[in-house]
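For reference, the structure is listed below as structure tokens.
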Amino acid sequence: EPSPFRFYEVMVPTQDSVLYSTILGKMAPLRPILFVGESGTAKTTIIMKYLSNLPSTAFSKLFINFSSRTTSGDVQTNIEANVDKRSGSVYGPPSGKSLVIFIDDLNMPKVDTYGTQQPIAMLHFVMSQGKVYDREKLDLKTLKDLQYIGAMGPPGGGRNPVDTRFVALFNVFNLTPPTAAVLVSIYSSIINTR
């Protein structure tokens, strides 16, 4: 067994995980992808494996974990820290690369007085317009060569419903929980590995 043994890093391929991995590999370069599913459906694991296999010569990666305390400023700061000025008001990852932004727990930000989630509103603007406002100078910056992948659980248990206009920007895939037979297969593979 690997030493140290990190159980959370073990990925036993199943029919579903191979299917979702293939979908992600084919679709992510073309359009934003959102994986929705309960805990245990391997959303994050599948996405992280996909990202780890991307060549660093062509892709930069940004991981953002949302929580109830995430603000729109946090999102903007993270994105701006990972792009460079190209020319004029155009920003993007280093030339010849794409920046893949993975947002985990997308529906965790708290809902404000007006029924919005500020980090979601910020991402909605960035994704739909390809722009962001400089918070000090109020200049509009254009963002190029960004790709988006999101993961979230269904609403409930601290997770909030997300603006449907924002979700419409993604290709959404619902990941189904593994069956009892699949779980037995996964854990048997781990236990029997020497």
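Taking 25 °C and 0.890 mPa s as the conditions, I'd like the Stokes-Einstein D for the stretch 35-81 in µm²/s, using the Kirkwood hydrodynamic radius from alpha carbon pairs.
Approximately 191 µm²/s, per Stokes-Einstein.
Is any residue of the stretch 11-46 close enough, with backbone N under 12 Å, to a label point placed 7 angstrom from the Cα of residue 127 along the Cα-Cβ axis, and if so, which?
Backbone N within reach: 31-36.
What is the projected area of the convex hull of the Cα atoms of the stretch 71-152, averaged over all directions, in nm²? Walk me through the numbers before you get to the answer.
On the way: hull surface 22.7 nm².
Spelled out: convex hull of the Cα atoms, projected over all directions, averaged, 5.7 nm².
Lys/Arg Cβ at +1, Asp/Glu Cβ at -1, dipole of the chain taken about the Cα centre: which of 117, 142, 42 is farthest positive-ward?
Farthest along the dipole direction, towards plus: 142.
What net charge do the residues around residue 119 carry, taking every other residue with its C-beta under 12 Å from that of residue 119, with Lys and Arg at +1 and Asp and Glu at -1? Can you show the working numbers first?
Working: positive: 69, 110; negative: 74, 105, 112, 163.
Summing Lys/Arg as +1 and Asp/Glu as -1 gives -2.
Which listed residue (20, 68, 56) has the Cα farthest towards the positive end of the charge dipole for the stretch 7-101, taking +1 on Lys and Arg C-beta and -1 on Asp and Glu C-beta about the Cα centre?
Ranked along the dipole, the leading option is 56.
Once you charge only the Cβ atoms, +1 for Lys and Arg and -1 for Asp and Glu, what is the size of the charge dipole of the chain about its Cα centre, to the nearest 20 debye? Working shown, then result.
Numbers: 19 positive and 15 negative charges, 72 e Å.
The dipole magnitude comes to about 340 debye.
Using the Cα centre as the reference, give the magnitude of the dipole from point charges on the C-beta atoms of the stretch 29-118 (Lys, Arg: +1; Asp, Glu: -1; all else neutral), rounded to the nearest 20 debye.
Working: 9 positive and 7 negative charges, 60 e Å.
Using only the charged Cβ atoms, the result is roughly 280 debye.
How far is it, in nm, from the label point at residue 142 to the one at residue 116 when both lie 7 Å from their Cα along the line to the Cβ?
Taking the two extended label points, one gets 2.5 nm.
Calculate for the chain the 222 nm mean residue ellipticity that helices alone would give, adding -39,500 (n - 2.57) per DSSP H run of length 4 or more and normalising by residue count, nearest 500 deg cm²/dmol.
Estimated from H runs of four or more residues: -9500 deg cm²/dmol.
Per the 1.4 Å probe, what fraction of the accessible area of the stretch 7-67, in percent, lies on carbon and sulfur atoms?
Values: 2010 of 3400 Å².
Ligands and nucleic acids excluded, carbon and sulfur give 59 percent.
What does the accessible area per residue of the stretch 1-152 come to in Å², with a 1.4 Å probe and no ligands, DNA or RNA counted? Working shown, then result.
Working: 8390 Å² over 152 residues.
I get 55 Å² per residue for the stretch 1-152.
Top mean-square fluctuation among 98, 72, 128, Gaussian network model of the chain, C-alpha springs under 10 Å?
128
Can you tell me how much longer the chain between residue 85 and residue 12 gets when fully stretched, taken as 0.36 nm per residue apart minus their C-alpha distance, in nm with one decimal? Before the final figure, lay out each step's value.
Numbers: separation 73, 0.36 × 73 = 26.28 nm, distance 4.15 nm.
Separation in residues times 0.36 nm, less the Cα-Cα distance, equals 22.1 nm.
At a 1.4 Å probe, what is the % contribution of carbon and sulfur to the accessible area of the stretch 104-194? Display every interim value, and only then the final one.
Working: 2990 of 5410 Å².
Solvent-exposed carbon and sulfur of the stretch 104-194 make up 55 percent of the total.
Starting at 0 and stepping by 5 Å, how many percent of the alpha carbon pairs of the stretch 144-189 end up in each bin?
5, 13, 18, 17, 15, 13, 11, 6, 2, 0
Between residue 135 and residue 95, 0.36 nm times their residue separation minus their Cα-Cα distance comes to what?
Values: separation 40, 0.36 × 40 = 14.40 nm, distance 2.49 nm.
Using 0.36 nm per residue and subtracting the Cα-Cα distance, I get 11.9 nm.
How big is the Cα convex hull of the chain in projection, averaged over all directions, in nm²?
The orientation-averaged projected area of the Cα hull of the chain comes to 12.9 nm².
What lysines does residue 49 reach when the alpha-carbon gap must be under 17 Å and sequence neighbours fewer than 8 apart in one chain are set aside?
Output for residue 49: 26, 61.
Rounded to the nearest 5, what % of the DSSP beta bridges within the stretch 78-194 are antiparallel ones? Please report the intermediate quantities before stating the final value.
Numbers: 7 of 15 bridges.
Looking only at bridges with both residues in the stretch 78-194, the antiparallel portion is about 45 percent.
From the protein chains alone at 1.4 Å, what is the descending order of accessible area for 63, 166, largest first? If you can, show how the numbers build up before the last one.
On the way: 63 100, 166 0 Å².
Listed by decreasing accessible area, they come as 63, 166.
If I take R0 = 35 Å and measure r between the Cβ atoms of residue 31 and residue 191 in this structure, what FRET efficiency does the formula 1/(1 + (r/R0)^6) give, to the nearest 0.05?
Taking R0 as 35 Å, the efficiency between residue 31 and residue 191 is 0.35.
The values are calculated or read from the model by the stated rules, or taken from the named source; none is laboratory data. Just so we're clear, the structure is a prediction, and the values are computed from it rather than from any experiment. Positions of Cβ are backbone-derived with ideal geometry, glycine not excepted, and every protein chain shown enters the neighbour counts. Areas reflect the complete protein model, heavy atoms only, side chains present, ligands, DNA and RNA absent. Shrake-Rupley method; radii C 1.70, N 1.55, O 1.52, S 1.80 Å.
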